[in-house]
Amino acid sequence: MNIFLKELKSHRKSLIFWSIGVFLMVVSGMAKYDAYSSAGQSINDLVADMPQTLRAVLGFGAVDLSKVSGYYSLLFLYLLLMATIHAAMLGATIIAKEERDKTFEFLFVKPVSRTTIITAKLSAAFVNIVVFNLVTYVSSISLIAKYNSGEAVNGDIGLLMVGMFILQLLFMVIGSALAAVKKKPKTAASVATGILLLTYMLSIAIDINEHIEGLKYLTPFKYFEAKNVMFGSGLDVAFVMISVILIAALTLGTYVFYQKRDLNV
């Protein structure tokens, strides 16, 4: 419990900054929607004039951007990027920081097992991403209500947050597994972020070229796309199962490899 509380305290400031950042992202995004609506400009017409490649890069899908639900489905992509980057960096640093800060000798001389230490650290990381997810959800529904013209979107946003949470967990354990495996765990955060960006770029490539759609199983950013969750069939059970299996395997890998690793002095 002391390790768990210490980890929560050490990541408190970071969580506050990230939470403020995601709140401001929602504020700025909805302010742009209000500006377009007030000016009488058709967002759909503006998007239609863009090249397909640019639409894919910016995340514009086949949704009605003049409606608050369609516009939020676009904004969600950027919120998801923030959430997963935060989770990947958190998972890596919470495991690697003892070696990075040269404090592992103090921690590992205590009468606790490595399993207990990892459990406490991952539990603290879990709480952090829960808080981040809740801040995103509350910010979204409260600010959308200000600009909404009567659409029932709270349930759809709730489903999106479930999808976001699953991906947060996935990238968190990607980061933690890398930190447990790598001989230089200090680089785990940058590698985890690199993997995240590569999978994001793959999702863009799939949007540009429909002939490689079969690769969607390789990029988590295709698992819970807002256009499918909000305007399609909701959360895809197959993608949920794939995510759960990956999370379980990477969590197990974190425990197994950290038990065996020699800590760097």
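The values are calculated or read from the model by the stated rules, or taken from the named source; none is laboratory data. Computed from a prediction, not measured in an experiment: that's the story for all the values here. Heads up, the Cβs are rebuilt from the backbone with ideal geometry, glycines too, and the neighbour counts pull from every protein chain shown. SASA here: full protein model, heavy atoms, side chains in, ligands and nucleic acids out. Shrake-Rupley method; radii C 1.70, N 1.55, O 1.52, S 1.80 Å.
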(message) From the phi angles alone, apply the Karplus equation (6.51, -1.76, 1.60; θ = phi - 60°) to the range 131-137 and give each ³J(HN,Hα) in whole Hz, x where the residue is Gly or Pro.
(response) 4, 4, 5, 5, 4, 4, 5
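Work out the length of the dipole vector of the range 116-194 about its Cα centre, built from +1 on the beta-carbon of each Lys and Arg and -1 on the beta-carbon of each Asp and Glu, and round it to the nearest 20 debye.
In debye, rounded to 20, the range 116-194 gives about 620.
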(request) State which entries of Lys184/Lys260; Lys121/Lys222; Lys32/Lys216 exceed 23 angstrom in Cα-Cα distance in the structure shown. (result) Lys121/Lys222; Lys32/Lys216
(request) Pop out the carbon and sulfur fraction of the accessible area of the range 149-265 as a percent, whole number, probe 1.4 Å. (result) 67
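Just to confirm, what accessible area per residue do you get for the range 174-265 at 1.4 Å probe, in whole Å²?
Values: 5000 Å² over 92 residues.
Solvent-accessible surface per residue comes out at 54 Å².
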(request) Please go through the range 165-265 and write out the chymotrypsin sites (Phe, Trp or Tyr not before Pro) that DSSP classes as loop and that have at most 12 other C-beta atoms within 10 Å. (result) none
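Assign unit charges at the C-beta atoms only (+1 for Lys and Arg, -1 for Asp and Glu), then state the dipole size of the range 128-265 relative to its Cα centre in Debye, rounded to the nearest 20.
Working: 10 positive and 8 negative charges, 162 e Å.
The calculation lands at about 780 debye.
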